[in-house]
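First the structure, in the form of structure tokens, and then the observations on it.
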Amino acid sequence: MAEIIDENSRTFGEFLLLPDLTTKNHTLDKVSLEIPLVKHERGNPPPLKLRIPFVSAIMQSVSDHNLAIALAKEGGLSFIFHSQPIERQVEMIKKVKKHKAGFVVSDSNISPDGTLKDVLQIVASTNHSTVAVTVEGQPNGELVGLLTDKDYRDGVDNPDTRVSELMTPISSLKYAYEGIDLENANEILWQEKLDCLPIIDKQHHLTHLVFRKDYEDARTNQSQLVDNQKRLLVGAGINTRDYRERVPELVAAGADILCIDSSDGYSEWQADTIKFVKEEYNGQVLVGAGNVVASNGFLYLVEHGADFVKVGIGPGSICITREQKGIGRGQASALVEISRTRDKYYQEKNVYIPICSDGGIFNDYQSVVALAVGADFLMMGRYFARFNESPGNRVSIGGTLYKEYWAEGTNKASNWQRYELGGESKLQFEEGVEGYVPFAGKLSDGIKGTIARIKSTFCNCGCLSIEELHRKARLVTVSSLSIRESGAHDVILNENVANNTRRRL
């Protein structure tokens, strides 16, 4: 007969953290949320780390280049969604890598014979306020001038006006020659009170642009996640269908890490995909895999070379895999079992495999519960879909602003590749729903509040790091009555106060 695992399938909401001694040393400024992103041997530093334990879900309604830029500036990482043509995903990766490079390759360019109408089209498509003017409008053409939004008045100036009549010519520009380092380029920006410094070669061909805003970004975003060239880090989602074509393009575009996206990752298709990535790039390209909910799935992916493993089938707010197919497990129960297996593997093999908890978190304290029961970092969709930087449209319903949010298992996403069962190239049934989430403003504002609450909880637990929380955390299960007791009760609430105090993710 079938094996019956006689245990409750538990969720994060069924646990509370027991406080430990908070010493005078336990202050928010001393809490570190830095955590390894990928596997590493005992005693050796991991190739990649996160500064905060958050990555964004591989979803059309969550992770595009705008969200990736905003999250990397805060110390987290996005995995750009793959349910789109390879060329579009590649372009998103490039936009993230170019955003904070110090020396930026210009991708908003025009010739002096262009018109203001052409400029406005470029600005609308790129959202850039600075356009380089080169002889033939090429990124590395001979620089003849710069055009910014200070040089024209949209809606006032004639749209047929030539760029040559509006631009600041090179004879009036401050510029530097190829070979200057970033420190000196920034010094020129500061001393000359410039917004942009063009970098040219000896033939006056444009090589790069250096922006004042990038310098200021670096100063105000001390936790930003960057590579050794000071470019923002970004991940890319892949599937088990077109990986042979997609992966080389993503790697060439600069993706720092890949992650296989699937509702059920315990499959030979994932093993084949990992094998391809590792053999094709001699183990140098990093790839996460999943999702799994038990030790056998975890070990299977690890033994085939996964650099981290995602845990979770069905806990997401818009996922209906459990309802449709009856597979899955309570997210807390899945993490408890797999974390024990991860720790045992580390003791026996001296290799640490980070665990990513994907889904099932409904408020900030549950993030700490997920970390406490063994997760190294958290992948979230609904949380990030709420912010201004996510791809979903902003809509007003009953006078309240919302953002669109839809699952990858919907017909709208058309992401049949993540449900690999060797069948037809289309969704036979949906495993997700479409909906809305309350609009939450800028990501930077929202995540700072979340991080503050998480660090405060760490201090209450007597911990200053995630690794320490793994070792020291104590949790208790809760009854339905104690859940009711945890919130405001037996009073008539002022709804305005209630809305401001309920910090829902």
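For an R0 of 51 angstrom, estimate the FRET efficiency from the Cβ-Cβ distance between LYS344 and SER172 and round to the nearest 0.05.
After rounding to 0.05, the efficiency reads 0.15.
So if I restrict to the alpha-carbon atoms in region 53-210, what is the Rg, and what is Dmax, the biggest pairwise distance, in Å?
According to the Cα coordinates of region 53-210, Rg and Dmax are 17.3, 50 Å.
Please report the antiparallel percentage of the DSSP beta bridges confined to the chain, to the nearest 5.
Expressed as a percentage, antiparallel bridges in the chain total about 55.
If DNA, RNA and ligands are ignored and the probe is 1.4 Å, what is the ranking of MET379, MET59 by accessible area, most exposed first?
Accessible-area ranking of MET379, MET59, largest first: MET59, MET379.
For labels at GLU34 and ILE5 in the simple 7 Å Cα→Cβ model, what's the distance in nm?
With each label point 7 Å from Cα toward Cβ, the separation is 3.5 nm.
For ILE80, list long-range residues whose amide hydrogen, built 1.01 Å from N in the peptide plane, is under 5 Å from its own amide hydrogen.
Amide H neighbours of ILE80, under 5 Å, 5+ apart: GLY235, ALA236, GLY237.
With axes computed from alpha carbons, what is the tilt in degrees of helix 243-253 against the longest principal axis of the chain, rounded to the nearest 10 within 0 to 90?
50 degrees
Two decimals is fine: what's Rg over Rh for the chain, C-alpha atoms, Kirkwood radius as Rh? Don't jump to the answer; show the numbers that get you there.
Values: Rg = 24.8 Å, Rh = 24.7 Å.
My calculation of the ratio gives 1.00.
Please go through the residue pairs LYS97/LYS278; LYS95/LYS403; LYS95/LYS230; LYS230/LYS455; LYS213/LYS403 and name each one whose alpha carbons sit more than 20 Å apart in this structure.
Long pairs (Cα-Cα over 20 Å): LYS97/LYS278; LYS95/LYS403; LYS230/LYS455; LYS213/LYS403.
Just how much of ARG382 is accessible, in Å², when a 1.4 Å probe is used and the result is rounded to the nearest 10?
Around 50 Å² of this residue is reachable by solvent.
Sorting LEU401, LEU258, LEU166 by accessible area (1.4 Å probe), largest first, what list results?
Highest to lowest solvent-accessible surface, that is LEU401, LEU166, LEU258.
Compute the acute angle (0 to 90°) between the alpha-carbon long axis of helix 86-99 and the principal axis of greatest extent of the alpha-carbon atoms of the chain; round to the nearest 10°.
Taking Cα atoms only, the helix is inclined about 70 degrees.
Taking the Cα centre of region 102-211 as the origin, how large is its charge dipole in debye, to the nearest 20, when only Lys and Arg (+1) and Asp and Glu (-1) carry charge on their Cβ atoms?
So the magnitude is around 140 debye.
If you stretched the chain out fully between GLU467 and THR27, how much longer would it get, using 0.36 nm times the residue separation minus the C-alpha to C-alpha distance?
Going from the current span to full extension adds 156.7 nm.
Just to confirm, what accessible area per residue do you get for region 154-228 at 1.4 Å probe, in whole Å²?
Result: 62 Å² of accessible area for each residue.
Show me the GluC sites (Glu not before Pro) within region 83-140 that DSSP assigns to loop and that have at most 11 other Cβ atoms within 10 Å of their Cβ.
Answer in residue order: GLU136.
Before anything else, pin down the relative contact order of the chain: Cα pairs under 8 Å, at least 6 apart, normalised by residue count, whole percent.
Numbers: 1009 pairs, mean separation 103.8, N = 505.
Normalised by residue count, the contact order of the chain is 21 percent.
Enter the angle in degrees (range 0 to 90, nearest 10) between the Cα long axis of helix 331-349 and the first principal axis of the Cα atoms of the chain, meaning the one along which they spread out most.
The angle comes out near 80 degrees.
About its Cα centre, how strong a charge dipole does the chain have in debye, to the nearest 20, once Lys and Arg get +1 and Asp and Glu get -1 at the Cβ?
About 1340 debye.
Set Lys and Arg Cβ to +1 and Asp and Glu Cβ to -1, take the dipole of region 201-308 about its Cα centre, and tell me which of SER263, GLN222, GLY235 lies farthest positive.
So the residue we want is GLN222.
Keeping the other protein chains in place, figure out the carbon and sulfur percent of the accessible area of the chain, with a 1.4 Å probe.
Of the solvent-accessible surface of the chain, carbon and sulfur hold 47 percent.
Using the Karplus curve 6.51 cos²θ - 1.76 cosθ + 1.60 with θ = phi - 60°, what ³J(HN,Hα) values do you get for each residue of region 130-144, in whole Hz, with x for Gly and Pro?
So the Karplus estimates, Gly and Pro as x, are 10, 10, 7, 9, 10, 3, 10, x, 9, x, 10, x, 5, 6, 10 Hz.
May I ask you to order 232-244, 295-307 by the average number of other C-beta atoms within 10 Å around their residues, highest value first?
Going from most to least packed, we get 232-244, 295-307.
The values are calculated or read from the model by the stated rules, or taken from the named source; none is laboratory data. No experiment lies behind these values; they were computed from the predicted model shown. Note: ideal-geometry Cβ built from the backbone for every residue, glycine included; neighbour counts use all protein chains shown. We work out accessible area using only protein heavy atoms, side chains counted, and drop any ligands, DNA or RNA first. Shrake-Rupley method; radii C 1.70, N 1.55, O 1.52, S 1.80 Å.
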